Amino acid sequence: MDSSTVEPLSVAVQIGLRVPVILIALAGVLLALLMMRRLGALAAILTAAGSLLIAADQAAQVVWVLHLRSMTSGGDLDIDTFNSVNNAYAVADAVMITIGVALVVASLLLRRSPDGAAAVTGPAPWPAPPAAAPWAPPPLGGSAPPPPAGPGQWPSPGGPGPMPPPGGSGQAPPQG
């Protein structure tokens, strides 16, 4: 294969590949800070710091491309200096992305639990559904009763107790 047919990506393409990652990582910083109450302070700060490091890593890669391009376009290229600069950017890239992702992962482990303490394991539980009052049919010939005072009991003027049967006497209707 002839080396003149394969060219490196242009500077504009290399920058264009990294700009969306930078924007998404910055959006992650903003979302983490906006969700601080839900995530907990520590988890939100770790998420924001990790996302910021990921954005900084991508920005450093843009600087890396521009720096290497300026070194090769001058005509007086020292290969040892070029390799030293390239290696320094490669190490910085690996360190920044590793720390950034580690912070985001750590924030997932340290998110706030429902009781306000740091949760260490498991997904966040769903809130319990509201308790439903037991249903009882309305009394015959009257309007709907007030809400129950307790499970299976209706409020009455003398205090909570069972509701008298229809007829109002408080005694069971005659059998027969």
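One table, with the values for the structure above:
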{"read-out": "Residue within segment 105-119 that is closer than 25 Å to residue 20 by Cβ, surrounded by 10 or more Cβ atoms within 10 Å (Cβ to Cβ) and either at pLDDT 95 or above or out of contact with any helix residue (DSSP H, G or I) (no Cβ under 7 Å at 6 or more places or on another chain) (or both) present", "value": "yes"}
{"read-out": "Extreme residue, farthest from residue 9 (Cα to Cα), among residues of segment 19-66 that are among the small types (Gly, Ala, Ser) and loosely packed, with under 15 Cβ neighbours inside 10 Å", "value": "41"}
{"read-out": "Flag for residue 93 being in contact with an Asp or Glu (Cβ under 7 Å, 6 or more places away or on another chain) and either part of a loop (DSSP other than H, G, I, E, B) or surrounded by fewer than 17 Cβ atoms within 10 Å (Cβ to Cβ) (or both)", "value": "yes"}
{"read-out": "Count of residues meeting criterion [within 23 Å of residue 15 (Cα to Cα) and in a helix (DSSP H, G or I)] in segment 67-83", "value": "9"}
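The values are calculated or read from the model by the stated rules, or taken from the named source; none is laboratory data. Only a predicted model underlies this, so the values are computations on that prediction, with no experimental measurement involved. Backbone-built Cβ (ideal geometry, glycine too); neighbour counts: all protein chains shown.
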